[in-house]
Amino acid sequence: MLALKRGRRILGTMALGTIVGTVAACGGGSGDSAGSGPYVFYVSIDTSGPTAVLGGGLLAGARTAIKDINAKGGVDGRQIKLEVSNDQNNPTKAVSELQRRLAKGKPDLVYPGGSSAVSMSMLPILTRDKVLSVGATSSIQLNDPKKFPYHFGVTPPSAAYVPTFVQLAKEKGYKKVAMIYSDDATGQSSFKQYEGPVKQAGIELVSASYDTTALDMTPQLQQLRAQKPDALIVNGYGTAVLYVLRGRAQIGWTLPSYGDQLASPSPIAGKVTAAQIKNYQVIMQTSSLVGDHQHPGLAPVIKEFQSSDGAKFLTQTGVAVFTTTYDLLQFVAYEAGQEKTADGQKLAKAFERFKTPANPPWVGKGPNGEVTKYEYTPSNHFPMTSATSFKYVQPGTYDANGFYVPGKGY
């Protein structure tokens with residue numbers, strides 16, 4: 001499930017400052033160091049920016065999972081305590097807040113930021129202190145088990161989406177493809193993930209990058225148009241995607257265009273015209289699409305989401321944001337139960353040999369957890385996907401249950 005700079009990047013939460021919330025079925029506890037007292041889940045994320053709506057979904061998912069897990073005995077017998085720190089999507093602030101927390105003791109589990117830049121700033125410290133972290137940021141640099149042995153990703157990296165595009169491009173007979181992307185760590189990572197496979201398929205790739213503070217993308221689009229590509233890949237999030245689509249329409253460029261994994265879930269309904277999204281498609285995980293076969297346990301969990309304080313975010317962010325944190329906590333709790341330990345170092349080793357059970361308690365990854373598998377190895381700490389995990393569809397909106405409805409809202 002999910003990350004770029006504040007103002008047009010995911011992910012946020014809905015409170016200001018550093019929030020410490022205890023969610024426990026029995027008893028509370030202080031922020032004790034790992035191994036005693038409550039099981040501390042420390043979430044570092046932007047809680048005060050314009051993308052904070054996505055944080056509402058993340059927190060609702062986490063709190064729903066915590067309520068369920070604690071009612072069943074917690075993580076290896078320890079009740080989960082949720083701590084949320086507002087890092088303002090600033091790597092320096094994220095590090096400062098983390099060091100302040102570590103001075104009081106180690107959390108048991110950390111969600112290391114809503115952008116790859118923040119995650120990269122936090123992981124060296126978490127690695128030094130041997131703290132387990134599980135996150136949704138997707139830069140390929142984060143998937144380095146030798147450098148970051150205690151970090152695991154729970155959403156597919158950008159590279160996982162690329163084969164679907166390459167297959168489509170080959171079927172369409174594209175000879176040259178253009179890509180417009182943000183000139184930051186996340187955008188550069190996305191471009192690199194497309195560059196190799198596209199060229200290996202015998203397709204020429206041309207590109208242009210934009211500053212994340214830019215309000216006009218037409219210069220970059222004109223530059224790309226002059227090279228006469230057959231299709232365009234769009235990278236960005238939120239307002240950046242709006243500027244690309246508006247600029248594309250403004251210069252009368254209606255070539256087939258495709259959002260990457262970050263641009264695709266951007267909430268653009270009601271902010272663009274039908275003309276601006278002509279020939280534009282988005283790529284979505286099949287498990288997030290309305291009508292797709294779902295895990296039997298997802299429906300009751302959605303009802304819990306709908307009765308939570310974060311219910312209003314379902315139609316804004318989609319259920320996949322909620323299940324990002326819900327599922328990762330269920331996964332950690334399940335493995336702790338299997339291994340009979342909550343020790344982060346031991347769990348990290350256990351994750352590397354994990355195989356998905358039948359009817360897993362994480363509910364947002366397909367009927368049997370097969371769309372995105374938490375199956376890691378010593379050389380790969382990102383989840384596994386398949387060619388059927390993703391699909392290009394028309395831009396749409398989310399229904400009351402948080403499922404993506406292609407074509408709705410335009």
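Any read-out appearing in this document is the output of simple, stated calculations on the displayed coordinates, not a laboratory observation. The structure displayed is predicted, hence computed values, not measured ones. Please note: Cβ atoms are built from the backbone with ideal geometry, for glycine as well, and neighbour counts cover all protein chains shown.
Per-structure values
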read-out: Order of VAL95, VAL40 under a 10 Å beta carbon neighbour criterion, fewest first; value: VAL95, VAL40
read-out: Label-point separation, LYS346 to GLN316 (7 Å along Cα→Cβ), nm; value: 4.1
read-out: 13 Å Cα-Cα reach of LYS130 towards aspartates and glutamates, excluding residues that sit fewer than 8 places from it in its own chain; value: ASP108, ASP343
read-out: Residue-span extension gain [ASP399 to SER307] - 0.36 nm each, minus C-alpha spacing; value: 31.6 nm
read-out: Potential extension, ALA103-THR127 segment - 0.36 nm per residue separation minus Cα distance; value: 7.1 nm
